[in-house]
Structures are given as C-alpha cells and as structure tokens.
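One structure below.
The values are calculated or read from the model by the stated rules, or taken from the named source; none is laboratory data. Note that the coordinates shown come from a computational prediction; the quantities given were computed from them, not determined experimentally. For accessibility, only protein heavy atoms count, side chains too; no ligands or nucleic acids. Shrake-Rupley method; radii C 1.70, N 1.55, O 1.52, S 1.80 Å.
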Amino acid sequence: MQLDLSGRHALVCGASQGIGRASAIELAELGASVTLLARSADALKIVAENLPRKHAAQRHDWRSVDMLDTASLQAIASGIAASEPVHILINNSGGPPGGPAHAATPAAFETAFRQHLLAGQTLLQALLPGMRASGYGRIVNVISTSVKEPIVGLGVSNTVRAAVAGWAKTLSGELAADGITVNNVLPGYTRTGRLDGLLAAKAAASSQTEDAIAQDLIATIPARRFGEASEVAAVIAFLCTPAAAYVNGVSIAVDGGRTRALS
Ligand SMILES: NC(=O)c1ccc[n+]([C@@H]2O[C@H](COP(=O)([O-])OP(=O)(O)OC[C@H]3O[C@@H](n4cnc5c(N)ncnc54)[C@H](OP(=O)(O)O)[C@@H]3O)[C@@H](O)[C@H]2O)c1
C-alpha cells in the first residue's frame with residue numbers, strides 16, 4: 001500500500017491543538033512537509049518544532065491567522081502556495097457554539113458560514129492551481145456526524161456542516177479528473193479541548209458532574225469510550241495518501257459506531 005507522502009506539502013488548519021494537531025503529526029510521520037495554521041502563534045510554534053522529520057528535505061512551518069478574517073486568510077494562503085505548492089489541505093477549525101437553530105441570530109449563522117464554508121472556499125481557490133499543476137490534490141474537511149444525523153442543540157453547526165458537505169460533494173465531482181479528491185471526516189466524541197469545553201458547559205448547566213455527563217455520553221457509543229484525536233487523524237492522513245486515490249466524495253464517521261445512519 002502506497003502511504004508515502006515524501007515530497008508532498010500539507011496545509012493543516014486548526015493545527016494548534018486537537019484533531020488538527022494530531023493530523024499534522026500523522027502527515028509528517030508519512031513524510032509530508034507541513035504548514036500549520038491557527039490563531040495562537042505560541043502554540044503553533046511549539047507544534048511545528050515537535051513535528052516528526054523522516055527525511056532531510058522535510059520542512060515544517062506555521063502561520064497565524066483568524067479564519068474569520070477572509071482577506072487575511074486569502075493573503076496568507078496565496079503566500080504559502082507561492083512559496084511551495086500545497087498538495088494536501090485539511091480544512092479544520094473550532095466548532096460553532098451550541099444552541100437550538102430557532103434561537104440563533106442571523107449573525108451567528110453568518111459567522112459560522114464565514115469560518116467554515118467561506119474559509120474553505122478561500123483556501124481552495126488559493127491552493128487549487130498548485131494541486132492541478134502537480135496532478136495531486138487531497139482535500140479533507142473535518143466536519144461532524146451531524147451531516148448524517150443532525151445533533152440536538154447544535155442548530156448552527158448542523159446547518160453549516162451540511163453546507164460544507166454539499167460543497168465538498170460538488171467539488172469532488174468537479175476536480176476528480178485533475179487527480180484531486182475531496183472527502184469529509186466526521187469525528188465522534190473525541191478527547192480534545194472542544195470535548196472538555198462541552199463537558200464543562202453541560203456540567204455548569206446541570207446538577208451533574210463532568211464525569212457523570214461523560215459516562216452518559218460514553219453509554220451512547222458502541223465502543224464504550226471516547227475517541228482519541230490520533231484515531232481521527234489516522235483516517236484523515238490515509239485519505240491524503242496515494243493509496244486513497246479512488247476514495248472521493250465520501251463522509252467517513254470516526255465515532256466508535258455511534259452514528260446509526262446506514263450511509
Ligand atoms: N472533539 C470532538 O469531540 C468533536 C466532535 C465532532 C466534531 N468535532 C469538530 O472537529 C473540529 C476540530 O475539533 P477539535 O476537537 O480538534 O477542536 P479544538 O481542540 O477546539 O481545536 C480547534 C482548532 O481550531 C483552531 N481555531 C479555532 N477557531 C479558529 C479560527 N477562527 N481561526 C483559525 N483557527 C481556529 C484552534 O486554534 P486557535 O485557538 O489557536 O485558533 C484549534 O487549533 C471542529 O470543527 C469540531 O467541531 C469535534
């Protein structure tokens with residue numbers, strides 16, 4: 001199986017922690033040079049310094065930007081692509097705040113669309129010429145199992161994730177002939193800062209402890225445990241390899257079997 005990413009350059013968004021950071025580590029393990037992107041410069045610097053280097057030509061770098069700032073994101077992505085074509089894009093950032101859809105303000109939807117859909121489109125347009133020129137492109141969007149089963153209490157997220165899934169499926173058909181695949185990875189409950197925040201918020205809004213809430217959630221997962229960021233990252237990294245060239249336009253849940261939908 002061809003898993004070697006030597007000579008490939010990956011841009012990993014939301015890479016200062018969690019699933020993004022774990023994905024950067026996996027891609028570097030497979031030989032890719034990795035550019036990390038998120039807001040926290042200090043955290044990015046540490047992640048970049050500690051990424052694996054499997055061969056001398058492998059170089060890692062980072063850029064700090066808020067993905068809500070479309071103009072800055074466009075400028076940074078164009079600069080990265082101009083210095084070295086990007087073959088792999090991991091579209092990932094923080095999830096939108098919770099709450100029912102009917103109570104969300106139009107501004108909350110606008111913010112989420114900017115951070116997730118417009119950021120993805122901005123990055124795509126900056127990186128696509130390089131992917132086309134090299135005949136190799138892998139775009140992986142980290143979204144949510146809500147594209148298979150909307151999650152109660154995540155109204156804005158359910159809506160914007162579905163939009164990203166529709167965007168990705170459309171792109172997968174448009175770009176396949178150029179050697180570019182577009183897929184989505186859907187994490188289940190995964191041990192990251194995001195999950196810690198979710199447990200703390202639920203505990204604050206109820207009389208239960210964080211541990212009791214965690215146990216209730218774990219009871220809904222056939223694997224009877226939370227996932228690790230590295231387990232989600234392994235699937236993301238596989239989708240970026242030559243071996244995954246014929247996997248295109250799909251949404252893969254990495255959730256310990258929690259999603260009940262058939263497809
Ligand atoms: N963990 C789970 O259980 C779970 C389950 C389902 C779906 N997901 C989804 O998977 C994705 C990743 O989750 P995670 O658990 O790894 O999240 P996380 O630990 O909160 O990490 C989010 C990453 O995105 C970056 N980020 C957030 N807002 C940003 C912005 N405006 N501009 C640039 N970077 C930004 C953060 O870095 P900075 O703060 O430095 O910018 C961080 O590196 C999210 O969309 C999440 O909703 C997670």
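A few points about this structure:
- Using the 1.4 Å probe convention, the accessible area of the chain works out to 46 Å² per residue with neighbouring protein chains retained.
- The stretch 46-129: mean projected area of Cα convex hull, nm²: 7.0
- Solvent-accessible area, 1.4 Å probe, carbon plus sulfur percent, for the chain: 55
- Applying D = kT/(6 pi eta Rh) to the stretch 106-195, where Rh is the Kirkwood radius over alpha-carbon pairs, T corresponds to 25 °C and eta to 0.890 mPa s, the Stokes-Einstein value obtained is 174 µm²/s.
- Shape metrics for the stretch 55-205, restricted to C-alpha atoms - Rg then Dmax, Å: 16.7, 54
- Across the chain, counting alpha-carbon atoms alone, Rg and Dmax equal 17.8, 57 Å.
- Taking the centroid of alpha carbons for each part, the stretch 111-145 and the stretch 154-207 are 14 Å apart.
- Computed lengthening from GLU84 to ASN50, 0.36 nm per intervening residue step minus Cα-Cα distance: 10.1 nm
- If the segment from GLN208 to SER6 were pulled out straight at 0.36 nm per residue, it would be longer than the present Cα-Cα gap by 67.9 nm.
- For the stretch 154-263, radius of gyration divided by Kirkwood radius, i.e. Rg to Rh on alpha-carbons: 1.04
- Spherically averaged projected area in nm², based on the convex hull that wraps the Cα atoms of the stretch 1-106: 8.4
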